Amino acid sequence: MLKTEDELAIAVRDATGPLNIRGGGTRAVGRPAQGEALDVSGLTGVTLYEPAALTIVAQAGTPVAEIEQTLAAENQRLAFEPYDLCAMLGASGASTIGGVIATNASGPRRIHGGAARDYALGVRFVDGAGIVIKNGGRVMKNVTGYDLVKLMAGSWGTLGVMTEISLKVLPDVEDTATLIIEDLTPQQAVGAMSRALASPYEVSGAAWIDGAVWLRFEGFAASVAYRADAVQKDLSKFGASHLDAKADWTRVRDAKPLHEADAIWRVSVKPSDGPIVAGALREGCACLMDWGGGLLWIGQTGGDAGATHRQLQGHVAALGGHATLFKGPDNLRRAGPVFQPEAAGVAALSAALRARFDPRGILNPGLMADG
(Lines give C-alpha, C1' and ligand atoms only; values in the text may rest on other atoms or scores of the structure.)
Protein backbone atom coordinates (compact mmCIF):
# COMPACT_ATOMS: atom_id res chain seq x y z
CA MET A 1 0.00 0.00 0.00
CA LEU A 2 1.40 3.37 -1.05
CA LYS A 3 1.07 6.20 1.48
CA THR A 4 2.57 9.26 -0.20
CA GLU A 5 2.48 10.95 -3.59
CA ASP A 6 6.26 10.55 -3.91
CA GLU A 7 6.01 6.80 -3.35
CA LEU A 8 3.30 6.62 -6.00
CA ALA A 9 5.34 8.62 -8.52
CA ILE A 10 8.34 6.32 -8.02
CA ALA A 11 6.19 3.18 -8.34
CA VAL A 12 4.68 4.37 -11.63
CA ARG A 13 8.00 5.59 -13.01
CA ASP A 14 9.74 2.30 -12.19
CA ALA A 15 6.92 0.03 -13.40
CA THR A 16 7.94 -2.45 -16.08
CA GLY A 17 4.43 -3.59 -17.01
CA PRO A 18 0.71 -2.86 -16.69
CA LEU A 19 -0.63 -1.41 -13.44
CA ASN A 20 -4.05 -2.13 -11.99
CA ILE A 21 -4.97 0.97 -9.98
CA ARG A 22 -6.85 0.14 -6.80
CA GLY A 23 -8.38 2.48 -4.25
CA GLY A 24 -11.30 1.31 -2.15
CA GLY A 25 -11.90 -1.65 -4.45
CA THR A 26 -15.61 -0.92 -4.88
CA ARG A 27 -15.76 -0.04 -8.60
CA ALA A 28 -14.53 -3.13 -10.44
CA VAL A 29 -16.19 -2.10 -13.69
CA GLY A 30 -14.72 -2.67 -17.13
CA ARG A 31 -12.65 -5.56 -18.43
CA PRO A 32 -11.17 -7.78 -15.70
CA ALA A 33 -8.10 -6.14 -14.17
CA GLN A 34 -4.70 -6.96 -15.54
CA GLY A 35 -1.22 -6.12 -14.33
CA GLU A 36 0.37 -5.46 -10.95
CA ALA A 37 -1.95 -3.99 -8.31
CA LEU A 38 -1.19 -0.38 -7.42
CA ASP A 39 -2.90 0.18 -4.07
CA VAL A 40 -3.40 3.90 -3.39
CA SER A 41 -5.84 3.53 -0.48
CA GLY A 42 -3.09 4.69 1.88
CA LEU A 43 -3.22 8.23 0.44
CA THR A 44 -5.90 9.32 2.84
CA GLY A 45 -7.08 12.26 4.90
CA VAL A 46 -8.73 15.66 4.59
CA THR A 47 -5.90 18.15 4.08
CA LEU A 48 -7.95 21.36 4.04
CA TYR A 49 -11.52 22.24 4.89
CA GLU A 50 -12.87 25.79 4.76
CA PRO A 51 -16.60 25.68 5.55
CA ALA A 52 -17.04 29.41 4.95
CA ALA A 53 -15.54 29.04 1.46
CA LEU A 54 -17.53 25.84 0.75
CA THR A 55 -14.28 24.08 -0.13
CA ILE A 56 -12.71 20.79 0.93
CA VAL A 57 -9.42 19.21 -0.15
CA ALA A 58 -8.74 15.53 0.45
CA GLN A 59 -6.27 12.89 -0.62
CA ALA A 60 -7.67 10.54 -3.23
CA GLY A 61 -7.81 7.48 -0.97
CA THR A 62 -10.00 9.20 1.61
CA PRO A 63 -13.25 7.26 2.17
CA VAL A 64 -16.32 9.14 0.98
CA ALA A 65 -17.96 8.34 4.32
CA GLU A 66 -15.20 10.24 6.13
CA ILE A 67 -15.66 13.27 3.92
CA GLU A 68 -19.44 13.18 4.37
CA GLN A 69 -19.01 12.96 8.15
CA THR A 70 -16.65 15.94 8.12
CA LEU A 71 -19.11 17.98 6.06
CA ALA A 72 -22.13 16.96 8.14
CA ALA A 73 -20.47 18.38 11.25
CA GLU A 74 -20.71 21.81 9.54
CA ASN A 75 -24.18 21.16 8.08
CA GLN A 76 -22.76 20.77 4.58
CA ARG A 77 -22.75 17.97 1.99
CA LEU A 78 -21.37 16.76 -1.32
CA ALA A 79 -23.63 18.23 -3.98
CA PHE A 80 -23.57 15.41 -6.51
CA GLU A 81 -24.77 12.46 -4.38
CA PRO A 82 -22.22 9.84 -5.54
CA TYR A 83 -23.53 6.33 -6.04
CA ASP A 84 -21.97 3.43 -4.13
CA LEU A 85 -21.42 0.15 -6.00
CA CYS A 86 -20.18 -1.81 -3.00
CA ALA A 87 -23.36 -3.85 -2.43
CA MET A 88 -24.10 -4.24 -6.16
CA LEU A 89 -20.69 -5.75 -6.87
CA GLY A 90 -20.31 -7.63 -3.59
CA ALA A 91 -17.25 -5.58 -2.66
CA SER A 92 -15.96 -5.29 0.90
CA GLY A 93 -13.99 -2.05 0.59
CA ALA A 94 -14.99 1.56 1.18
CA SER A 95 -15.77 3.98 -1.62
CA THR A 96 -13.04 6.65 -1.93
CA ILE A 97 -13.22 10.19 -3.25
CA GLY A 98 -10.59 9.36 -5.87
CA GLY A 99 -12.74 6.54 -7.23
CA VAL A 100 -15.78 8.82 -7.25
CA ILE A 101 -14.06 11.49 -9.35
CA ALA A 102 -12.24 8.98 -11.57
CA THR A 103 -15.60 7.45 -12.52
CA ASN A 104 -17.61 10.71 -12.33
CA ALA A 105 -20.00 8.88 -9.99
CA SER A 106 -23.12 11.03 -9.68
CA GLY A 107 -26.54 10.26 -8.26
CA PRO A 108 -30.15 11.43 -8.73
CA ARG A 109 -29.33 15.03 -7.79
CA ARG A 110 -27.28 15.42 -10.98
CA ILE A 111 -30.38 16.38 -12.94
CA HIS A 112 -30.80 19.41 -10.66
CA GLY A 113 -27.31 20.32 -9.52
CA GLY A 114 -24.76 18.76 -11.85
CA ALA A 115 -22.29 15.87 -11.85
CA ALA A 116 -19.19 15.15 -9.80
CA ARG A 117 -16.96 16.80 -12.44
CA ASP A 118 -18.91 20.05 -12.05
CA TYR A 119 -17.78 20.35 -8.40
CA ALA A 120 -14.13 19.36 -8.86
CA LEU A 121 -12.01 22.50 -8.48
CA GLY A 122 -8.51 21.10 -8.63
CA VAL A 123 -6.58 17.85 -8.82
CA ARG A 124 -3.09 16.47 -8.31
CA PHE A 125 -2.19 13.28 -10.14
CA VAL A 126 0.69 11.15 -11.33
CA ASP A 127 0.76 10.51 -15.07
CA GLY A 128 1.95 7.35 -16.81
CA ALA A 129 5.54 8.57 -16.82
CA GLY A 130 5.58 9.03 -13.05
CA ILE A 131 5.39 12.83 -13.23
CA VAL A 132 3.29 14.72 -10.64
CA ILE A 133 0.88 17.19 -12.26
CA LYS A 134 -1.28 19.79 -10.54
CA ASN A 135 -4.22 21.52 -12.20
CA GLY A 136 -6.95 23.84 -10.97
CA GLY A 137 -7.24 25.32 -7.52
CA ARG A 138 -9.65 25.98 -4.68
CA VAL A 139 -12.05 28.44 -6.29
CA MET A 140 -14.51 28.04 -9.17
CA LYS A 141 -12.92 30.80 -11.29
CA ASN A 142 -9.42 29.35 -11.18
CA VAL A 143 -7.95 29.28 -14.71
CA THR A 144 -4.66 27.50 -15.36
CA GLY A 145 -4.84 26.47 -19.01
CA TYR A 146 -6.15 23.01 -19.88
CA ASP A 147 -9.00 21.90 -17.66
CA LEU A 148 -7.40 18.64 -16.59
CA VAL A 149 -9.78 18.41 -13.64
CA LYS A 150 -12.70 17.77 -15.98
CA LEU A 151 -10.55 15.49 -18.13
CA MET A 152 -9.62 13.27 -15.20
CA ALA A 153 -13.27 12.97 -14.10
CA GLY A 154 -14.64 9.91 -15.85
CA SER A 155 -11.25 8.71 -17.15
CA TRP A 156 -11.34 5.62 -14.89
CA GLY A 157 -7.66 5.92 -14.06
CA THR A 158 -6.47 5.56 -17.64
CA LEU A 159 -4.86 9.02 -17.85
CA GLY A 160 -3.33 9.34 -14.41
CA VAL A 161 -3.51 8.28 -10.78
CA MET A 162 -5.10 10.99 -8.66
CA THR A 163 -3.49 11.86 -5.34
CA GLU A 164 -5.46 14.89 -4.12
CA ILE A 165 -8.76 16.52 -5.07
CA SER A 166 -10.31 19.92 -4.28
CA LEU A 167 -14.09 20.08 -4.24
CA LYS A 168 -16.81 22.67 -3.94
CA VAL A 169 -19.44 21.62 -1.41
CA LEU A 170 -22.90 22.97 -0.59
CA PRO A 171 -24.94 23.66 2.56
CA ASP A 172 -27.17 20.81 3.64
CA VAL A 173 -30.94 21.20 3.35
CA GLU A 174 -33.44 21.73 6.14
CA ASP A 175 -36.14 19.42 4.82
CA THR A 176 -36.82 16.78 2.16
CA ALA A 177 -40.07 15.35 0.83
CA THR A 178 -40.82 12.87 -1.94
CA LEU A 179 -44.00 12.85 -3.99
CA ILE A 180 -44.85 9.27 -5.00
CA ILE A 181 -47.27 8.38 -7.82
CA GLU A 182 -47.98 4.66 -7.93
CA ASP A 183 -48.61 2.27 -10.83
CA LEU A 184 -47.34 4.13 -13.88
CA THR A 185 -46.00 2.64 -17.10
CA PRO A 186 -42.60 3.87 -18.32
CA GLN A 187 -44.35 6.12 -20.85
CA GLN A 188 -46.63 7.60 -18.20
CA ALA A 189 -43.71 7.96 -15.82
CA VAL A 190 -41.60 9.96 -18.26
CA GLY A 191 -44.60 12.19 -18.97
CA ALA A 192 -45.07 12.89 -15.25
CA MET A 193 -41.35 13.40 -14.58
CA SER A 194 -40.90 15.68 -17.59
CA ARG A 195 -43.81 17.85 -16.52
CA ALA A 196 -42.47 18.11 -12.97
CA LEU A 197 -38.94 18.91 -14.10
CA ALA A 198 -40.19 21.59 -16.50
CA SER A 199 -42.07 23.29 -13.66
CA PRO A 200 -40.56 26.14 -11.60
CA TYR A 201 -40.68 24.04 -8.43
CA GLU A 202 -37.05 22.81 -8.30
CA VAL A 203 -37.35 19.04 -8.34
CA SER A 204 -34.00 17.62 -7.16
CA GLY A 205 -34.69 14.01 -8.15
CA ALA A 206 -37.05 12.30 -10.60
CA ALA A 207 -37.12 8.52 -10.88
CA TRP A 208 -39.34 5.55 -11.80
CA ILE A 209 -38.75 2.71 -9.36
CA ASP A 210 -40.84 -0.38 -8.59
CA GLY A 211 -43.52 0.95 -10.95
CA ALA A 212 -43.88 4.29 -9.14
CA VAL A 213 -42.63 7.80 -9.89
CA TRP A 214 -40.58 9.47 -7.16
CA LEU A 215 -40.17 13.26 -7.24
CA ARG A 216 -37.91 14.84 -4.63
CA PHE A 217 -38.07 18.34 -3.15
CA GLU A 218 -35.34 19.77 -0.90
CA GLY A 219 -34.79 23.06 0.91
CA PHE A 220 -36.43 25.07 3.67
CA ALA A 221 -39.41 23.29 5.19
CA ALA A 222 -42.02 25.86 4.12
CA SER A 223 -40.67 25.93 0.58
CA VAL A 224 -40.61 22.14 0.32
CA ALA A 225 -44.22 21.88 1.48
CA TYR A 226 -45.38 24.57 -0.96
CA ARG A 227 -43.55 23.15 -3.97
CA ALA A 228 -44.53 19.55 -3.31
CA ASP A 229 -48.18 20.53 -2.92
CA ALA A 230 -48.13 22.54 -6.15
CA VAL A 231 -46.62 19.67 -8.16
CA GLN A 232 -48.96 17.14 -6.57
CA LYS A 233 -51.95 19.17 -7.74
CA ASP A 234 -50.45 19.70 -11.19
CA LEU A 235 -49.85 15.95 -11.68
CA SER A 236 -53.21 14.78 -10.35
CA LYS A 237 -54.20 13.50 -13.80
CA PHE A 238 -51.49 10.82 -13.56
CA GLY A 239 -53.23 9.14 -10.63
CA ALA A 240 -53.33 9.03 -6.86
CA SER A 241 -50.20 10.21 -5.07
CA HIS A 242 -48.86 10.75 -1.58
CA LEU A 243 -45.96 12.51 0.13
CA ASP A 244 -43.24 10.57 1.93
CA ALA A 245 -40.72 12.37 4.16
CA LYS A 246 -38.55 9.28 4.55
CA ALA A 247 -38.26 7.85 1.03
CA ASP A 248 -34.88 6.13 0.70
CA TRP A 249 -33.18 7.68 -2.34
CA THR A 250 -30.19 5.39 -1.99
CA ARG A 251 -32.51 2.79 -3.56
CA VAL A 252 -32.49 4.91 -6.71
CA ARG A 253 -28.90 6.11 -6.39
CA ASP A 254 -27.43 2.62 -6.02
CA ALA A 255 -30.05 0.73 -8.09
CA LYS A 256 -30.79 -1.45 -5.07
CA PRO A 257 -33.83 -3.30 -6.51
CA LEU A 258 -31.52 -4.84 -9.15
CA HIS A 259 -28.64 -5.97 -6.93
CA GLU A 260 -29.47 -9.67 -7.16
CA ALA A 261 -29.41 -9.64 -10.96
CA ASP A 262 -26.68 -11.61 -12.73
CA ALA A 263 -25.81 -8.69 -15.02
CA ILE A 264 -26.46 -4.95 -14.61
CA TRP A 265 -26.10 -2.15 -17.17
CA ARG A 266 -26.20 1.62 -16.85
CA VAL A 267 -27.78 3.21 -19.92
CA SER A 268 -27.90 6.89 -20.83
CA VAL A 269 -30.29 8.20 -23.50
CA LYS A 270 -32.60 11.16 -24.02
CA PRO A 271 -35.39 11.04 -21.41
CA SER A 272 -37.97 10.63 -24.15
CA ASP A 273 -36.11 7.49 -25.31
CA GLY A 274 -36.14 5.86 -21.87
CA PRO A 275 -39.48 4.09 -22.44
CA ILE A 276 -38.26 2.89 -25.86
CA VAL A 277 -35.29 1.16 -24.25
CA ALA A 278 -37.43 -0.21 -21.42
CA GLY A 279 -39.98 -1.56 -23.90
CA ALA A 280 -37.32 -3.41 -25.90
CA LEU A 281 -35.82 -5.32 -22.97
CA ARG A 282 -35.38 -9.06 -23.26
CA GLU A 283 -37.11 -11.61 -21.04
CA GLY A 284 -35.67 -11.71 -17.55
CA CYS A 285 -34.76 -8.01 -17.54
CA ALA A 286 -36.01 -5.34 -15.16
CA CYS A 287 -35.17 -1.65 -14.95
CA LEU A 288 -35.51 1.57 -13.03
CA MET A 289 -35.25 5.04 -14.55
CA ASP A 290 -33.43 8.02 -13.06
CA TRP A 291 -32.90 11.63 -14.18
CA GLY A 292 -36.41 11.88 -15.57
CA GLY A 293 -35.92 8.77 -17.72
CA GLY A 294 -32.56 9.73 -19.23
CA LEU A 295 -30.68 7.14 -17.22
CA LEU A 296 -31.74 3.52 -16.87
CA TRP A 297 -30.31 0.86 -14.60
CA ILE A 298 -31.12 -2.51 -16.22
CA GLY A 299 -30.69 -5.89 -14.55
CA GLN A 300 -31.00 -9.37 -16.04
CA THR A 301 -31.40 -12.64 -14.16
CA GLY A 302 -30.84 -15.80 -16.19
CA GLY A 303 -30.93 -15.86 -19.98
CA ASP A 304 -28.18 -14.89 -22.40
CA ALA A 305 -26.55 -11.77 -20.92
CA GLY A 306 -24.10 -11.61 -23.83
CA ALA A 307 -26.95 -11.30 -26.34
CA THR A 308 -28.60 -8.66 -24.17
CA HIS A 309 -25.33 -6.73 -23.97
CA ARG A 310 -24.88 -6.68 -27.75
CA GLN A 311 -28.52 -5.77 -28.31
CA LEU A 312 -28.44 -2.96 -25.74
CA GLN A 313 -25.29 -1.34 -27.08
CA GLY A 314 -26.53 -1.54 -30.66
CA HIS A 315 -30.01 -0.24 -29.83
CA VAL A 316 -28.71 2.56 -27.62
CA ALA A 317 -26.12 3.61 -30.20
CA ALA A 318 -28.91 4.11 -32.73
CA LEU A 319 -30.59 6.43 -30.21
CA GLY A 320 -27.41 8.45 -29.68
CA GLY A 321 -26.81 7.13 -26.17
CA HIS A 322 -24.49 4.69 -24.47
CA ALA A 323 -24.70 1.53 -22.37
CA THR A 324 -22.08 0.31 -19.89
CA LEU A 325 -21.92 -3.12 -18.29
CA PHE A 326 -21.51 -2.49 -14.56
CA LYS A 327 -21.90 -6.06 -13.28
CA GLY A 328 -21.42 -9.37 -15.01
CA PRO A 329 -19.34 -12.55 -15.02
CA ASP A 330 -15.72 -12.27 -16.14
CA ASN A 331 -16.38 -14.14 -19.40
CA LEU A 332 -18.98 -11.53 -20.37
CA ARG A 333 -16.67 -8.67 -19.40
CA ARG A 334 -13.91 -10.17 -21.56
CA ALA A 335 -16.12 -10.98 -24.54
CA GLY A 336 -16.69 -7.48 -25.89
CA PRO A 337 -16.60 -3.77 -25.13
CA VAL A 338 -17.86 -3.14 -21.60
CA PHE A 339 -18.21 0.57 -22.33
CA GLN A 340 -20.17 1.82 -25.33
CA PRO A 341 -17.86 1.78 -28.40
CA GLU A 342 -16.85 5.31 -29.36
CA ALA A 343 -17.33 6.90 -32.76
CA ALA A 344 -14.16 6.88 -34.85
CA GLY A 345 -13.34 10.55 -34.24
CA VAL A 346 -13.88 10.32 -30.49
CA ALA A 347 -11.92 7.08 -30.30
CA ALA A 348 -8.98 8.73 -32.07
CA LEU A 349 -9.08 11.66 -29.66
CA SER A 350 -9.24 9.31 -26.66
CA ALA A 351 -6.28 7.33 -27.96
CA ALA A 352 -4.28 10.52 -28.47
CA LEU A 353 -5.01 11.66 -24.92
CA ARG A 354 -3.93 8.31 -23.48
CA ALA A 355 -0.76 8.41 -25.57
CA ARG A 356 -0.01 11.89 -24.19
CA PHE A 357 -0.65 11.15 -20.52
CA ASP A 358 0.32 7.46 -20.47
CA PRO A 359 2.81 6.92 -23.33
CA ARG A 360 3.72 3.41 -22.14
CA GLY A 361 0.06 2.34 -21.89
CA ILE A 362 0.46 0.97 -18.36
CA LEU A 363 -2.42 2.62 -16.46
CA ASN A 364 -5.48 0.34 -16.34
CA PRO A 365 -4.80 -0.86 -19.90
CA GLY A 366 -7.82 -2.19 -21.75
CA LEU A 367 -10.28 -1.25 -19.01
CA MET A 368 -12.30 1.13 -21.18
CA ALA A 369 -11.35 -0.26 -24.60
CA ASP A 370 -9.33 -3.00 -26.19
CA GLY A 371 -5.74 -2.51 -25.22
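Worth a mention:
- Residue under evaluation ALA206, criteria (1) in contact with a helix residue (DSSP H, G or I) (Cβ under 6 Å, 6 or more places away or on another chain); (2) surrounded by fewer than 16 Cβ atoms within 10 Å (Cβ to Cβ); (3) among the hydrophobic types (A, V, I, L, M, F, W, C), criterion not met: (2)
- Residue check, GLN34 modelled with pLDDT of 95 or more and on the phi < 0 side of the Ramachandran plot: no
- Among the residues making up segment 327-362, those that are surrounded by 12 or more Cβ atoms within 10 Å (Cβ to Cβ), of a type outside the set (A, V, I, L, M), closer than 16 Å to LEU151 by Cβ and without any contact (Cβ under 8 Å) to a residue 40 or more places away in the chain are GLU342, SER350.
- Any hit, segment 59-80, residues being assigned to a strand (DSSP E or B), under 22 Å from the mean Cα position of the chain (by Cα) and hydrophobic (A, V, I, L, M, F, W, C): no
- Any hit, segment 26-41, residues being crowded, with 16+ Cβ neighbours inside 10 Å and in a helix (DSSP H, G or I): no
- Among residues of segment 251-265 that are in contact (Cβ under 8 Å) with a residue 60 or more places away in the chain and under 18 Å from ALA323 (Cα atoms), those with a Cβ under 7 angstrom from a residue that is assigned to a helix (DSSP H, G or I) and of a type in the set (Gly, Ala, Ser), sequence gap 6+ or separate chain, pair up as ASP254/ALA87; HIS259/ALA87; ASP262/ALA305; ALA263/ALA305.
- Candidate set: segment 346-364, residues that are of a type outside the set (Lys, Arg) and not in a helix (DSSP H, G or I); chosen: the one nearest to the chain's Cα centre (by Cα): ASN364
- SER155 buried (at least 24 other Cβ atoms within 10 Å of the Cβ), in contact (Cβ under 8 Å) with a residue 24 or more places away in the chain and within 21 Å of the chain's Cα centre (by Cα): yes
The values are calculated or read from the model by the stated rules, or taken from the named source; none is laboratory data. It should be emphasised that the depicted structure is a prediction, and the values quoted were computed from it without experimental measurement. Every residue, glycine as well, gets a Cβ built from its backbone with ideal geometry; the counts of neighbours run over all protein chains shown.
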